[in-house]
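Let me give you the structure first, and then I'll get to my questions.
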């Protein structure tokens with residue numbers, strides 16, 4: 001009994017000592033939180049989407065208060081709240097263009113040739129393991145919607161041709177669709193980048209066209225019709241240069257025989273692809 005009592009006294013004493021040490025450490029090492037932080041967090045959208053480059057709104061708020069970021073770094077916040085944050089912190093709101101996810105494929109149903117009917121798990125990641133999902137072009141969208149499932153902001157729907165259609169107004173550019181796509185078909189770019197290549201296939205000529213009617217065949221007309229250097233052919237695909245003084249022009253799309261390079265204003269695939277193809281043929 002005496003041994004138990006002694007042990008209890010010792011443990012109690014140690015508890016008191018350690019509690020004293022912790023209390024002292026808290027007093028001398030305590031980091032005072034900037035009172036503006038809570039106000040800034042309340043003015044952020046709370047989406048925790050990561051589009052700002054931080055793991056969440058709290059982390060971005062702390063960076064704002066610390067002077068390491070501009071309020072415009074949150075591209076999904078309202079203009080009004082961005083201005084309020086700038087006024088609260090006494091800094092310039094800055095400017096940052098809205099980013100949006102785009103799909104580097106237009107080979108929807110009836111456009112990309114089918115070799116077999118895939119009947120496994122309804123997932124692009126699963127289908128791509130089974131001989132590319134049954135399509136002749138193994139570089140294009142399989143249409144099972146992994147990207148839409150991964151999007152927590154309901155910005156992606158599957159359109160009637162089995163392609164993911166991104167709503168720019170809802171897209172936060174978080175990049176979840178980029179990570180979800182097993183074929184690396186999504187890219188996040190500024191909304192103003194209107195000249196876009198809707199193809200990911202390195203195949204050229206008849207081999208490319210025989211697998212998908214809207215595939216780029218590397219004819220190079222888009223590059224020839226653009227200001228020098230703005231569109232360049234690399235590995236069988238056009239690459240649009242937005243880092244030059246010369247701007248991309250819509251005429252780069254006019255002579256494309258398949259419609260692989262397009263001019264997008266707002267929502268990608270806003271018009272049915274088959275309708276676009278018919279209009280191009282008639283022209």
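Inspect region 246-267 for any residue being out of contact with any strand residue (DSSP E or B) (no Cβ under 9 Å at 6 or more places or on another chain), surrounded by fewer than 18 Cβ atoms within 10 Å (Cβ to Cβ) and free of Cβ contacts under 8 Å to residues at least 12 places away in the same chain and give the result as yes or no.
no
Can you go through 154, 201, 210 and tell me which one is surrounded by fewer than 17 Cβ atoms within 10 Å (Cβ to Cβ), assigned by TED's automatic domain parsing to the domain that holds residue 134 and under 18 Å from residue 112 (Cα atoms)?
210
Here's something else I'd like to know. Please pick out the residue among 23, 51, 106 that is crowded, with 20+ Cβ neighbours inside 10 Å, at pLDDT below 85 and either within 23 Å of the chain's Cα centre (by Cα) or not assigned by TED's automatic domain parsing to the domain that holds residue 262 (or both).
51
Let me ask something else. Quick one: count up the residues across region 77-103 that are surrounded by fewer than 20 Cβ atoms within 10 Å (Cβ to Cβ) and assigned to a helix (DSSP H, G or I).
Total satisfying the criteria: 9.
Do we find a residue being crowded, with 22+ Cβ neighbours inside 10 Å and within 30 Å of residue 95 (Cβ to Cβ) anywhere in region 136-150?
Scanning region 136-150 turns up at least one residue that is crowded, with 22+ Cβ neighbours inside 10 Å and within 30 Å of residue 95 (Cβ to Cβ).
Results for (1) at pLDDT 85 or above; (2) surrounded by 17 or more Cβ atoms within 10 Å (Cβ to Cβ); (3) not assigned by TED's automatic domain parsing to the domain that holds residue 189, shown as yes or no for each residue.
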| site | (1), (2), (3) |
| --- | --- |
| 2 | no, no, yes |
| 13 | no, no, yes |
| 40 | yes, yes, yes |
| 58 | yes, no, yes |
| 75 | no, yes, yes |
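The values are calculated or read from the model by the stated rules, or taken from the named source; none is laboratory data. Small disclaimer: the values here were computed from a predicted structure and weren't measured. Because the Cβ atoms are built from the backbone with ideal geometry, glycine has one as well, and the counts that use them run over all protein chains shown.
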